[in-house]
Each structure stands twice: as C-alpha cells, then as structure tokens.
Amino acid sequence: MSRDYQKLKALEDFRVLDAPQLLPCPPPPLPPTEEQMILRMLVRPKYGPFHIPPSLAWLEDTIRDMAALDHSLTGIGHSWCYVTVRHGPVTTKTDDEWHFDGASFRTTLIPERNYVWVDHTPFQYKLGAVEFPHDFDPNKHNLFTYADQVTKDSPIFTTWARSWYLINPFCLHRRDPNTPKDRPRTFIRISFPDIEGRDVNNTHNPLLPTPAWGRDPVRDFRNQLKDYDA
Ligand SMILES: [Fe+2]
C-alpha cells in the first residue's frame, strides 16, 4: 500500500480501493473476563499525554505500541487517539453494511488510521476501481452506497482473525453479515484521526473533562446523505 498519510484526503483518492494492511504485530493481551463495550473513547488529545482509565489498563501497552507504529508508518507524531473495545455479544447493526472508516468530507483532513483486531469471524473487504461522475458530491451523496453499488460484481475477500490490520479511509469493508450473534466476540480498534471526535455517542473517559458537545454525526450528517442516482 502506498498512501501518503500526510496529504489531505480527496475524493479522487477513492478511485482505487485499498486492501487492509496486515501488520506483523503481536496479539493484544487477554481481555477482562467480563463484557466490555467502549465506543471511541478518547485516550490522548492531539498534543498531550495518554490518559488510560482503569477499564483500559489491560490494553495500555498495545495502545502505546500502536501509537509508536502509527508514527513510524506515517511520519505523523501528533494525532488524537480513540479506542473502541467490543468484548461480548455482537449487538451493533450498521457495521454489517459496506462502509469506509474516516471518510467524511465535512472537514478537509489527512487520512485517519484505524488499527483493528478481532478474535473470530473477521471483517470482509472489496477491491476495485470507483469512477465518480462529475456531479458526485460526498457532502450530499452517500459514498458508502455508491462504492458498494459500483463494486457489486467484485469478489469479497476476508481478512484473518487474530491479526492486526491497518484500515485507511480508502478500504471498503464490513463485518461479516454471518457473524454469530450468540457467540461472544472481541473487537479492538485503535484510531488516529487528525480531528477531535466530539460525538455524543462516544464513551466518556473518566480521566478527561466531560465533553459538553451534543453532536451526533451519524444522525445529523451521515443519515442525511442521499444515494447517488446513476
Ligand atoms: Fe469499519
């Protein structure tokens, strides 16, 4: 994969889809025995130290290792860092749909990096070329459904379980729709965006001030996008 992570993301970057990048990293430590559901918890502001709460103490070394790896892969030393852990029954629905991580165009940004690991039933991805019509506007049209539609004849690839991957915004992926709902699953995502999340749905980090934001980007932005009518 040859992406310049220091170059601002543009629609033309999505013309060629990327595969997830398999990383030679050791597995994370064993998670706690009880269920854990942490959604995009802020653990490091862009300029500042880590604030790892007790609930994520088991993952602290991995979080720090991934931050060092991200720095060496991208040359970017200062990023926000968010952690998601879903350790228990599979309950969320939208991950089953084809999507890009960090593909919003509301703000012009460098590409976000997401480092993911799952213990079983790993995620799927598609490759291919995506041509955009001149009037395609990612702030009006749904990039996810458009990319899914134009790659509908592309083969579906599956990643390896128990392996670390780097997913960049140009990787069209989804959770396997046949992921068993009754079998506990451990999913870990360590994200490095260049912008603060400010999402009301994020799990609060008790070591950091309570956020005053009431933003819900999925409801207020993503769900307002229209499918592009070819
Ligand atoms: Fe994703």
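Taken together, the values in this text are just the output of simple stated rules run on the coordinates, not laboratory data. Every value quoted in this text rests on a predicted model; they were computed, and no experiment measured them. A quick note on method: Cβ atoms are made from the backbone with ideal geometry, for glycine too, and the neighbour counts reach across all protein chains shown.
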| said: What are the ³J(HN,Hα) couplings of the stretch 104-111, residue after residue, when phi is run through the Karplus curve with 6.51, -1.76, 1.60 and θ = phi - 60°? Round to Hz, x for glycine and proline. | reply: 5, 10, 4, 10, 7, 9, 6, x
| request: Grab the DSSP H runs of the chain that are 4 residues or longer, score each as -39,500 (n - 2.57), total them, divide by all residues and round the 222 nm result to the nearest 500 deg cm²/dmol. | output: -3500 deg cm²/dmol
| remark: Links exceeding 23 Å between C-alpha atoms in this model, out of LYS9/LYS226; LYS9/LYS126; LYS152/LYS226; LYS46/LYS126; LYS152/LYS181, come to LYS46/LYS126; LYS152/LYS181
| query | Under a 5 Å amide H to amide H cut-off, with H placed in plane at 1.01 Å, what residues pair with TRP164 once short-range neighbours are removed? | reply | LEU23, CYS25
| said: Within 14 Å, Cβ to Cβ, of LEU11, how many net charges do the neighbouring residues add up to if Lys/Arg are +1 and Asp/Glu are -1? | reply: 0
| query | Karplus couplings for the stretch 49-61 from phi (6.51 cos²θ - 1.76 cosθ + 1.60, θ = phi - 60°), rounded to Hz, Gly and Pro as x? | reply | x, 6, 10, 9, x, x, 4, 10, 4, 4, 9, 4, 4
| task | Report the local net charge at ILE195: Lys and Arg +1, Asp and Glu -1, summed over other residues whose C-beta lies under 10 Å from its C-beta. | result | 0
| message | With N set to the number of residues, divide the alpha-carbon radius of gyration of the stretch 1-131 by 2.2 N^0.38 Å and report two decimals. | response | 1.13
| task | Please report the relative contact order for the stretch 17-188, taking Cα pairs under 8 Å with a sequence separation of at least 6, and give it as a percent rounded to a whole number. | result | 38
| query | Projected area of the chain, taken from the Cα convex hull and averaged over every viewing direction, in nm²? | reply | 12.5
